[in-house]
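Here it is, the structure in full.
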Amino acid sequence: MAKGYSVQRTINASPQRIWGLLTEADGYATWNPAVVSVRGQIAAGQTIELISVVNPKRTFLLTVSDVEPPRQMRWSDGMPLGLFRGVRTLALRSLDDGQTEFSMHEDYSGPLAALITKAIPDLTDSFAQFADGLKTASEAKQG
C-alpha cells in the first residue's frame with residue numbers, strides 16, 4: 001500500500017485565481033467531482049469538514065495550516081499521540097509563461113500508518129479528479 005498520493009497539473013491561470021477556488025469551501029462540489037461537500041472556512045488554524053465521494057458516510061475534520069497565499073497550504077488529520085497522521089499539501093508555483101503548476105501530495109505517518117493505510121482505498125482516481133476539476137474550473141473563469 002502506498003504511503004501517500006500525489007498529483008500535478010499545469011494550469012493556464014494565475015496562482016491567485018486558483019487560490020480563490022482552493023479557499024472557497026462552498027464551491028468545491030461545483031468543480032471537484034471527488035468531493036460531496038466542504039464546510040467551514042479554509043484559512044489558517046481553522047477546521048474544515050470534508051465529505052468525499054470515496055467515503056460519503058464519513059466526515060473528515062481537517063485542520064488547515066501552513067497557509068501561504070497564494071502558494072501553499074496543508075490540511076491534516078490524525079490520531080492522538082501521533083499514532084497516525086495524514087497531511088495533504090496543496091501547492092501552487094508560478095511558471096515563466098503565465099501558467100501555474102498545481103501539486104497536491106498526501107503523506108501518512110505514525111506507528112499505525114502501515115496498518116491503517118491498508119484500509120484506505122486507492123485515492124489515485126480521486127486525486128486526478130481533484131486536479132482535473134481544478135484545472136477546468138480555473139481555466140474556465142479566465143474570460
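Looking only at the stretch 52-94, which residues are among the charged types (D, E, K, R) and in a strand (DSSP E or B)?
Our first condition is that a residue be among the charged types (D, E, K, R); within the stretch 52-94, this holds for 57-58, 66, 68, 71, 74, 77, 85, 88, 93.
Matches in the stretch 52-94: Asp66, Glu68, Arg74, Asp77, Arg85, Arg88, Arg93.
Checking the structure you have, find out if any residue of the stretch 87-105 is in contact with a Lys or Arg (Cβ under 6 Å, 6 or more places away or on another chain) and among the polar types (S, T, N, Q).
The answer is yes, given that some residue of the stretch 87-105 is in contact with a Lys or Arg (Cβ under 6 Å, 6 or more places away or on another chain) and among the polar types (S, T, N, Q).
Going through the stretch 77-134 one residue at a time, which ones are among the charged types (D, E, K, R) and open to solvent by 60 Å² or more (accessible area, probe 1.4 Å)? Break it down into steps so the answer makes sense when it comes.
Filtering the stretch 77-134 down to residues among the charged types (D, E, K, R) leaves 77, 85, 88, 93, 96-97, 101, 106-107, 118, 122, 125, 132.
Arg85, Arg93, Asp96, Asp97, Asp107, Lys118, Asp122, Asp125, Asp132 - these are the residues of the stretch 77-134 that are among the charged types (D, E, K, R) and open to solvent by 60 Å² or more (accessible area, probe 1.4 Å).
Can you confirm whether Ser138 is touching a Lys or Arg at 6+ places or on another chain (Cβ under 7 Å), small (Gly, Ala, Ser), within 19 Å of Gln16 (Cβ to Cβ) and modelled with pLDDT of 95 or more? Let's see the steps before the verdict.
Values: touching a Lys or Arg at 6+ places or on another chain (Cβ under 7 Å): yes; small (Gly, Ala, Ser): yes; within 19 Å of Gln16 (Cβ to Cβ): yes; modelled with pLDDT of 95 or more: yes.
Answer is yes for this residue.
Just to be sure I understand the filter: pairs with C-beta atoms under 7 Å, separated by 6 or more residues or on different chains, first member in the stretch 16-33 and in a helix (DSSP H, G or I), second member at pLDDT below 95 and surrounded by fewer than 14 Cβ atoms within 10 Å (Cβ to Cβ). Which pairs pass?
Note: pairs meeting the criteria are Arg17/Lys141.
The values are calculated or read from the model by the stated rules, or taken from the named source; none is laboratory data. Note that the structure is a prediction, hence the values are computed from the model and not measured. Ideal geometry is used to build each Cβ from the backbone, glycine not excepted, and the neighbour counts take in all protein chains shown. What goes into the accessible areas is simple: the full protein's heavy atoms, side chains included, and nothing from ligands, DNA or RNA. Shrake-Rupley method; radii C 1.70, N 1.55, O 1.52, S 1.80 Å.
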